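Only one structure is covered here, and it is reproduced in the block below.
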Amino acid sequence: MSDPEQFSFRIDARLDGGRHGRAGVISTPHGEVATPAFIPVGTKATVKAVLPETMKQLGSQALLANAYHLYLQPGPDIVDEAGGLAKFMNWDGPTFTDSGGFQVMSLGVGFKKVLAMEAVGVQNDDVIAKGKERLATVDDDGVTFRSHLDGSKHRFTPEVSMGIQHQLGADIMFAFDELTTLLNTRGYQEKSLERTRLWAKRCLDEHEKLTAERAHRPYQALFGVIQGAQYEDLRRSACRGLEELRGSGGSGFDGYGIGGALEKHNLGTIVGWCCAELPEEKPRHMLGISEPEDIFTAVENGADTFDCVNPSRVARNAAIYVAEGRFNINTSRFRRDFTPIDDTCDCYTCANYSRAYIHHLFKAKEMLAATLCTIHNERYTVRLVDRIRESILGGYFDEFKAETLGVWQGRIKTPS
Ligand SMILES: [Zn+2]
């Protein structure tokens, strides 16, 4: 039965010095997520090239899939009929879905996954990637866009996004929001933020309605998404606005997602502003980060979970994460290197395969190359965040951060 009590969050330990970072446990109808936690991305209900059982073995506690992609293919009704996302993809654990807003708008203006995250160029509200045709237009009611698959026309509104996400059936869903870029003007950011707040209210209303209609399904938690780009007053008022927001039936958000355009050097500051305003007892998800420096910064400033497609995406291009940084296994110096990718790693790939073999698989364009490297990179990231959690519980976060980033920022190009 659908009951909001099926979702909860408890805090086990906090960082000292007035910092917002903490370790806790999110409980969902499909199991628990010990936080901080890295949530690997399975865009189309699969982490590319890796079995769900393997994701479980490498320590992944939950997976995040994309509502936009699953809406276009195979369609949310099919996932619903299968019994929801977890059952459909044979994943025994919690799942997240994003709202589709990011993909609709970023694919729609041709930026793919790197939506103007750097403030370069002149401020321009008609921002669009060079040489791309505009595929998405935003109005106060929703977004009209063309599919990146076949050019067909579609429309997402807060109600449509909620309908899709209820059919997908993930344990944690996100409210439909407008994604702006750092190139948008301040005036546009203000207008957009109010639009996102009104959409958030519509998401809560629709969520209440669908939760009641689908009472036979497990409860799905809804997170509000904070935008506001690089502006402190906008970020803070967005947080307060979402915290106060209630659906017609009186329900509020179960947690919050920190989204939107921000530059790397501002990450900690922006997460800090948000976490200072957000209610302490609710979980906070940071959308789209996976680099070690970013993870430490986000955790320290109060984020509980993160997702990112990068560990698997770069793995398919032969880029490997190790303690000292990232290197490319494709280079010829690894042809006769029969040592593991990383002799300090406990993953299946490092236990069983050599750099020479993986180098060979990439050169021969064998599919197993992507599988073995994805296993390693996902394990690297999941384990790093697990160790951060242990360091918070054990009271040695600052020492662990200094040591880990000291080695990482040494940034050797290829390990010896
Ligand atoms: Zn490994």
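Here, each number is a calculation from the coordinates, and none is a lab measurement. Remember, it's a predicted structure, so these values are computed and weren't measured experimentally. All Cβ positions, glycine included, derive from the backbone under ideal geometry; neighbour counts span all protein chains shown.
Please give the helix 267-277 orientation as an angle from the longest Cα principal axis of the chain, in degrees from 0 to 90, rounded to the nearest 10.
40
What nm distance separates the two modelled labels at R240 and S152, each placed 7 Å from Cα along Cα→Cβ?
Those two pseudo-labels are separated by 4.5 nm.
Along the charge dipole of the chain, which of I320, A276, N377 sits closest to the positive end, that is, farthest toward it, with unit charges on the beta carbon of Lys, Arg, Asp and Glu (+1, +1, -1, -1)?
Of the options given, the answer is I320.
E366 to R387: FRET efficiency via 1/(1 + (r/R0)^6), r the Cβ-Cβ distance, R0 35 Å, to the nearest 0.05?
Working: r = 32 Å, r/R0 = 0.91.
Rounded to the nearest 0.05, the efficiency is 0.65.
Give the average over all directions of the projected area of the C-alpha convex hull of the stretch 126-285, one decimal, in nm².
For the Cα atoms of the stretch 126-285, the hull's average projected area reads 10.4 nm².
Residues with beta-carbon under 14 Å from that of R236, excluding R236: net charge, scoring Lys, Arg +1 and Asp, Glu -1? Display every interim value, and only then the final one.
Numbers: positive: R197, R235, R240; negative: E190, E232, D233, E243, E244, E277.
With Lys, Arg at +1 and Asp, Glu at -1, the neighbours total -3.
Quick check: residue separation of D398 and T344 times 0.36 nm, minus the Cα distance between them. What number comes out in nm? Present the calculation step by step, with values, prior to reporting the outcome.
Numbers: separation 54, 0.36 × 54 = 19.44 nm, distance 2.15 nm.
Full-extension gain reported as 17.3 nm.
Compute the separation of the alpha-carbon centres of the stretch 37-114 and the stretch 278-312 and state it in Å as a whole number.
Each part's Cα centre sits 18 Å from the other's.
Write down the percent of antiparallel bridges among all DSSP beta bridges whose residues are both part of the stretch 219-368, to the nearest 5.
30
Nothing charged except the Cβ atoms of Lys and Arg (+1) and of Asp and Glu (-1): what's the magnitude of the dipole of the stretch 1-48 about its Cα centre? Round to the nearest 20 debye.
So the magnitude is around 300 debye.
Treat every Asp and Glu Cβ in the stretch 322-393 as -1 and every Lys and Arg Cβ as +1, leave all other atoms uncharged, and give the resulting dipole magnitude about the Cα centre to the nearest 20 debye.
On the way: 11 positive and 9 negative charges, 67 e Å.
Its charge dipole is roughly 320 debye.
Hey, with R₀ at 25 Å, roughly what FRET efficiency would Q57 and V25 work out to, going by the Cβ-Cβ distance, to 0.05?
E(calc), rounded to 0.05, equals 0.75.
With everything on Cα atoms, drop me the angle between helix 397-409 and the longest principal axis of the chain, reported from 0 to 90° to the nearest 10.
Roughly 60 degrees, rounded to the nearest 10.
Going through the cross-link list K48/K264; K44/K365; K264/K401; K153/K365; K56/K209; K48/K209, which pairs have a Cα-Cα distance over 29 Å in this structure? Please list the in-between numbers first.
Values: K48/K264 27 Å; K44/K365 23 Å; K264/K401 17 Å; K153/K365 36 Å; K56/K209 33 Å; K48/K209 34 Å.
The answer is K153/K365; K56/K209; K48/K209.
Sum up the charges of everything whose Cβ sits under 13 Å from the Cβ of F400, counting Lys and Arg as +1 and Asp and Glu as -1, but leave F400 out.
For residues surrounding F400, the net value is -2.
Roughly what % of DSSP beta bridges within the chain run antiparallel, to the nearest 5?
Antiparallel bridges: around 50 percent, rounded to the nearest 5.
Name the residue farthest towards the positive end of the dipole of the chain from the options C347, G151, A364, assuming +1 on Cβ of Lys and Arg, -1 on Cβ of Asp and Glu, about the Cα centre.
Of the listed residues, the answer is A364.
Could I have the simple spin-label model distance between V407 and N266, label points 7 Å from Cα toward Cβ, reported in nm to one decimal?
It works out to 3.3 nm between the two label points.
Helix 158-168 versus the longest principal axis of the chain: what angle, 0 to 90°, nearest 10, using Cα atoms?
50
Find how much the distance from A356 to R335 grows on full extension, using 0.36 nm per residue of separation minus their present alpha carbon separation; answer in nm with one decimal.
Taking 0.36 nm per residue and subtracting the Cα distance, the gain is 7.1 nm.
So, with +1 on the Cβ of K and R and -1 on the Cβ of D and E, and no other charges, what is the size of the charge dipole of the chain about its Cα centre, to the nearest 20 debye?
The dipole of the chain has a size of about 1540 debye.
Shape verdict for the stretch 166-205, please, from the Cα gyration tensor: rounded (a/c under 1.5), prolate (a/b greater than b/c) or oblate.
oblate
Please work out the FRET efficiency for the pair L198 and D77, using the Cβ-Cβ distance as r and a Förster radius of 41 Å; give the result to the nearest 0.05.
So the FRET efficiency works out to roughly 0.90.
Starting from the alpha-carbon convex hull of the chain, give the projected area averaged over all orientations, in nm².
Result: a mean projected hull area of 19.6 nm².
Give, as a single signed number, the net charge of other residues whose beta carbon lies under 11 Å from the beta carbon of L278, with Lys and Arg counted +1 and Asp and Glu -1.
Residues near L278 contribute 0 overall.
What nm distance separates the two modelled labels at S248 and R186, each placed 7 Å from Cα along Cα→Cβ?
It works out to 3.8 nm between the two label points.
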